[in-house]
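Reading through the structure tokens given below for one structure.
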Amino acid sequence: MESTATVWSDPRFAQRGVTATAGGVTATAVGMTFAFNPAEFRVPAGTPVTFRLTSADVTHGFQIVGTNANTMVVPGYVSQFTTTFATPGEYLIVCNEYCGTGHHLMFAKLIVEGAP
Ligand code: CUA
């Protein structure tokens, strides 16, 4: 199991946020009590989005409300999945694993942008 310090120096998480990758975009984030870093993602509709997640401390969840995107975020492991959002709009991302006293405050925002 990796310590908190190695999460922040791990090259897979050095660049957090949304970056363009082959065939789509990758959204990289670290969960920690009681926030996601970053707390906002902006991705294009109709494009494969790969989420790459880990935790800096305890087990968290990452559920994109109103979609079937949902994974645990576990310290020492990388959780990764790819999905495509057909519908532009704002989506709430919540932690759905109880992680401590601030669990209910742990959320992020996903903005899916349509064609300009
Ligand atoms: Cu993080 Cu609940």
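The values are calculated or read from the model by the stated rules, or taken from the named source; none is laboratory data. Everything quoted here is computed from the prediction, not taken from an experiment. Each accessible area value is taken on the protein alone, full model and side chains, heavy atoms only, with ligands, DNA and RNA left out. Shrake-Rupley method; radii C 1.70, N 1.55, O 1.52, S 1.80 Å.
Count the DSSP beta bridges whose two residues both fall in the chain, then state the antiparallel fraction as a percent rounded to the nearest 5. Could you put the intermediate results ahead of the total?
Details: 26 of 39 bridges.
The antiparallel proportion sits near 65 percent.
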With all protein chains present, the stretch 26-86 has a carbon and sulfur share of its accessible area (1.4 Å probe) in percent of 49 percent
Expressed in square angstrom to the nearest 10, the accessible area of S9 with a 1.4 Å probe stands at 90 Å²
Could you state the number of Å between the C-alpha centres of the stretch 3-46 and the stretch 95-116?
-> 13 Å
Of M32, M106, which has the most accessible area and how do the rest follow, probe 1.4 Å?
-> M32, M106
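How much accessible area per residue does the chain have, counting only protein heavy atoms and a probe of 1.4 Å, in square angstrom? List each step's numbers first, then the result.
Details: 5970 Å² over 116 residues.
On a per-residue basis, 51 Å².
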Considering only P11, P75, P48, give the residue with the highest GNM mean-square fluctuation for the chain, with springs between Cα atoms whenever their separation is below 10 Å.
-> P11
Per the C-alpha gyration tensor (a ≥ b ≥ c, the square roots of its eigenvalues), the chain is rounded if a/c is under 1.5, else prolate if a/b beats b/c, else oblate; here it's oblate
Give, in nm to one decimal, the length gained when the segment between T50 and V78 is fully stretched (0.36 nm per residue of separation minus the Cα-Cα distance).
-> 8.9 nm
